[in-house]
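Down below is the structure, laid out as structure tokens.
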Amino acid sequence: MVDVRVSSVMGSDFCLISASRTRKLQPQIEFLKQCGFNSKVIYKMLIKAPLFLSLSFEDNLAHKLFLLLKFGYEHGTKELVLAMGWVCRTSCKNMQEVISLLLNYGLTCEEIVAMGKKHPQVLQYNHKSMKQKLDYLTQEMGYEVREMLAFPAFLGYEFDGRIKYRFESSGKISGEGMSINKLFSMSTARFSKKQEKQFSYAMAT
């Protein structure tokens, strides 16, 4: 059943057809089986991250797996598999830079792992882009870096068009009553409507 589902995944991504069955496909599938996942779960994971199958386990994925386990992820867990699905989209060097950046900001290993479990994508974000957003969060917006732990998706938003624009449009008021979740997760339409109400109120007073 797993082979049938994997064939379906390969059919959706032609670059996988040339992947070596012995050197790449089998070790990846065996790893997922050892984590205790059935064919349905494996299939769902591979549909979201088909690149996982095209990378060499020994030359690429094994190094990332080592970093995740060393950092605090537990073998055989759903969180580890989800993290592996995302880090296959980045280099080992960028992954290490991301971890170092977060540690330099004062976060603990436990906090970073918890953040990764909440938002696995964070592990594959560009470290330079992350630094720009963290600098802005702490230096310009006036938030503590741990404000991000409750809403790590903040690190995935576009800087100029979302983060900087919304903060400046909201009047540059941080702290009480305005979490970054509330400020950045609302839809564009809702944010625009809120801005219109604030503008109308300001004009009336």
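The values are calculated or read from the model by the stated rules, or taken from the named source; none is laboratory data. Computed from a predicted structure; not experimentally measured. Cβ sites come from the backbone with ideal geometry, for glycine too, and all protein chains shown count toward neighbours. Accessible surface is based on the protein model in full, side chains and every heavy atom, while ligands, DNA and RNA are left aside. Shrake-Rupley method; radii C 1.70, N 1.55, O 1.52, S 1.80 Å.
Could you pull out the residue among Ala153, Ala189 that is part of a helix (DSSP H, G or I) and surrounded by fewer than 15 Cβ atoms within 10 Å (Cβ to Cβ)? Walk me through it before giving the result.
Values: Ala153 fails: surrounded by fewer than 15 Cβ atoms within 10 Å (Cβ to Cβ).
Among Ala153, Ala189, only Ala189 is part of a helix (DSSP H, G or I) and surrounded by fewer than 15 Cβ atoms within 10 Å (Cβ to Cβ).
Specify the residue that is farthest from the chain's Cα centre (by Cα); the eligible residues are those in segment 189-205 that are under 22 Å from Tyr143 (Cβ atoms) and either at pLDDT below 80 or not basic (Lys, Arg) (or both). Write out each step before concluding.
From segment 189-205, those under 22 Å from Tyr143 (Cβ atoms) are 190-191, 194-195, 198; that's our starting set.
Filter once more, so that each one left must be either at pLDDT below 80 or not basic (Lys, Arg) (or both): 191, 194-195, 198.
Details: Phe191: 24, Lys194: 28, Gln195: 29, Gln198: 33 Å.
Looking at residues that are under 22 Å from Tyr143 (Cβ atoms) and either at pLDDT below 80 or not basic (Lys, Arg) (or both), I get Gln198.
If the requirement is being of a type in the set (Gly, Ala, Ser) and under 15 Å from Val98 (Cβ atoms), which of these qualifies: Gly156, Gly171, Gly161, Gly142?
Details: Gly171 fails: under 15 Å from Val98 (Cβ atoms); Gly161 fails: under 15 Å from Val98 (Cβ atoms); Gly142 fails: under 15 Å from Val98 (Cβ atoms).
Among Gly156, Gly171, Gly161, Gly142, only Gly156 is of a type in the set (Gly, Ala, Ser) and under 15 Å from Val98 (Cβ atoms).
Which one is nearest to Cys92 (Cα to Cα) among residues in segment 128-150 that are open to solvent by 50 Å² or more (accessible area, probe 1.4 Å) and in a helix (DSSP H, G or I)?
Filtering segment 128-150 down to residues open to solvent by 50 Å² or more (accessible area, probe 1.4 Å) leaves 128, 131-132, 139-140, 142, 144, 146-147, 150.
Next, only the ones that are in a helix (DSSP H, G or I) stay: 128, 131-132, 139-140, 146-147, 150.
Details: Lys128: 15, Lys131: 18, Gln132: 20, Gln139: 29, Glu140: 30, Arg146: 25, Glu147: 27, Ala150: 26 Å.
Among those that are open to solvent by 50 Å² or more (accessible area, probe 1.4 Å) and in a helix (DSSP H, G or I), it is Lys128.
For residues in segment 81-101 being in a helix (DSSP H, G or I) and not hydrophobic (A, V, I, L, M, F, W, C), which is most open to solvent (accessible area, probe 1.4 Å)?
The qualifying residue most open to solvent (accessible area, probe 1.4 Å) is Lys93.
Any residue that is under 16 Å from the mean Cα position of the chain (by Cα), assigned to a helix (DSSP H, G or I), at pLDDT 95 or above and basic (Lys, Arg) - is there at least one of those in segment 108-127?
no
Taking the conditions exactly as written (open to solvent by less than 50 Å² (accessible area, probe 1.4 Å) and among the small types (Gly, Ala, Ser)), does Gly72 satisfy them or not?
On the way: open to solvent by less than 50 Å² (accessible area, probe 1.4 Å): yes; among the small types (Gly, Ala, Ser): yes.
Answer is yes for this residue.
For Phe52, state whether it is under 24 Å from Ile99 (Cα atoms) and either open to solvent by 40 Å² or more (accessible area, probe 1.4 Å) or at pLDDT 55 or above (or both). Full working, then the answer.
Numbers: under 24 Å from Ile99 (Cα atoms): yes; either open to solvent by 40 Å² or more (accessible area, probe 1.4 Å) or at pLDDT 55 or above (or both): yes.
For Phe52, the condition - under 24 Å from Ile99 (Cα atoms) and either open to solvent by 40 Å² or more (accessible area, probe 1.4 Å) or at pLDDT 55 or above (or both) - is met.
Anything in segment 102-119 that is open to solvent by 20 Å² or more (accessible area, probe 1.4 Å), in contact (Cβ under 8 Å) with a residue 12 or more places away in the chain and not acidic (Asp, Glu)? List them, or say none. Show your work before the answer.
Step one: of segment 102-119, the residues open to solvent by 20 Å² or more (accessible area, probe 1.4 Å) are 103-106, 108-111, 114, 117-119.
When the remaining residues are screened for being in contact (Cβ under 8 Å) with a residue 12 or more places away in the chain, the result is 105-106, 109-111, 114, 117-119.
Within segment 102-119, Tyr105, Gly106, Cys109, Ala114, Lys117, Lys118, His119 meet the criteria.
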